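K.L.:
Please read through the structure below; I'll follow up with questions.
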Amino acid sequence: MTKIELTVNSAKHTREVEDRTLLVDLLRDHLGLTGTHIGCDTSQCGCCTVHVNGRAIKSCTMLAVQARGAQIVTIEGMAKDGRLHPVQQAFTDCHGLQCGFCTPGMIMAVAALLNDNPHPSDAEIYHGLEGNLCRCTGYINIIKAVKQSAGVLRNG
């Protein structure tokens, strides 16, 4: 067992974890943050995407001990003061979801994309989402949500 300290959604946590514990399991099983989904166990689907030190990471590919000292944001930490993050709001407004299983990972990937590139072209949006799979929507409304949220974030 290894003792780790990390900050998740602005709250400091100290936990003892087995060295083999994945970050996604720490978030879900130890901290109760079940918005981070486990979809494939092979890092193919992106449902488990979270932000680690400001970067989008598939949390099923990272050991919890590797996140020692990190600043982590999950889907639960995106809303502020009872208001949805602009990406969350755009997914709602543009109907960028159907079953919703992939949505938390999509939102986290989009937020990271727009943080790095506030003016993405269509090709850059497609590239930014290629690590996240949706089996329901056909992506058309997801792309609309990315464009809407990009505009909102750019214009404050």
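What follows is calculated from the coordinates using simple rules that are stated; it is not laboratory data. What you see is a predicted model, and the numbers here were worked out from it, not measured in a lab. Heads up, the Cβs are rebuilt from the backbone with ideal geometry, glycines too, and the neighbour counts pull from every protein chain shown.
K.L.:
Using Cα positions and a limit of under 14 Å, work out the aspartates and glutamates in reach of Lys147, with same-chain residues fewer than 8 apart set aside.
P.N.:
Answer for Lys147, where 14 Å is the Cα cut-off: Asp93, Asp122, Glu124, listed by chain and number.
K.L.:
Can you pull the percent of Cα pairs in segment 33-116 with separation above 16 Å? Working shown, then result.
P.N.:
Values: 1761 of 3486 pairs.
I get 51 percent for the Cα pairs in segment 33-116 exceeding 16 Å.
K.L.:
Give me the percent of Cα-Cα pairs in segment 2-76 that sit more than 17 Å apart, rounded to a whole number.
P.N.:
33
K.L.:
Once each part is reduced to its C-alpha centroid, what is the distance from segment 14-34 to segment 41-91 in angstrom?
P.N.:
14
K.L.:
Which value in Å is the Kirkwood Rh of the chain over different Cα pairs?
P.N.:
15.7
K.L.:
Suppose the chain between Ser10 and Glu124 were pulled fully straight at 0.36 nm per residue; how much longer would it get relative to their current alpha carbon spacing? Could the numbers behind the result be given before it?
P.N.:
Working: separation 114, 0.36 × 114 = 41.04 nm, distance 3.00 nm.
So the extension gain works out to 38.0 nm.
K.L.:
Hey, rough spin-label estimate for Gln66 and Asn53, points 7 angstrom out along Cα→Cβ, what's it come to in nanometres?
P.N.:
Rounded to a tenth, the inter-label distance reads 1.2 nm.
K.L.:
Let me ask something else about it. With angles folded into 0 to 90 degrees, how steeply does helix 140-155 sit against the dominant principal axis of the chain? Use alpha carbons for both and round to 10.
P.N.:
On a 0 to 90 degree scale, this one is about 90.
K.L.:
Suppose we flag GluC sites (Glu not before Pro) only when DSSP calls them loop and at most 14 other Cβ atoms lie within 10 Å. Which is the longest uninterrupted stretch of the chain?
P.N.:
19-129
K.L.:
With a point put 7 Å past each Cα toward its Cβ, work out how far Cys40 is from Cys99 in nm, to one decimal.
P.N.:
It is 1.4 nm.
K.L.:
Would you calculate a helix-derived [θ] at 222 nm for the chain, using -39,500 (n - 2.57) for each DSSP H run of n ≥ 4 and dividing by the full residue count, to the nearest 500?
P.N.:
Helix contribution divided over all residues of the chain: -9000 deg cm²/dmol.
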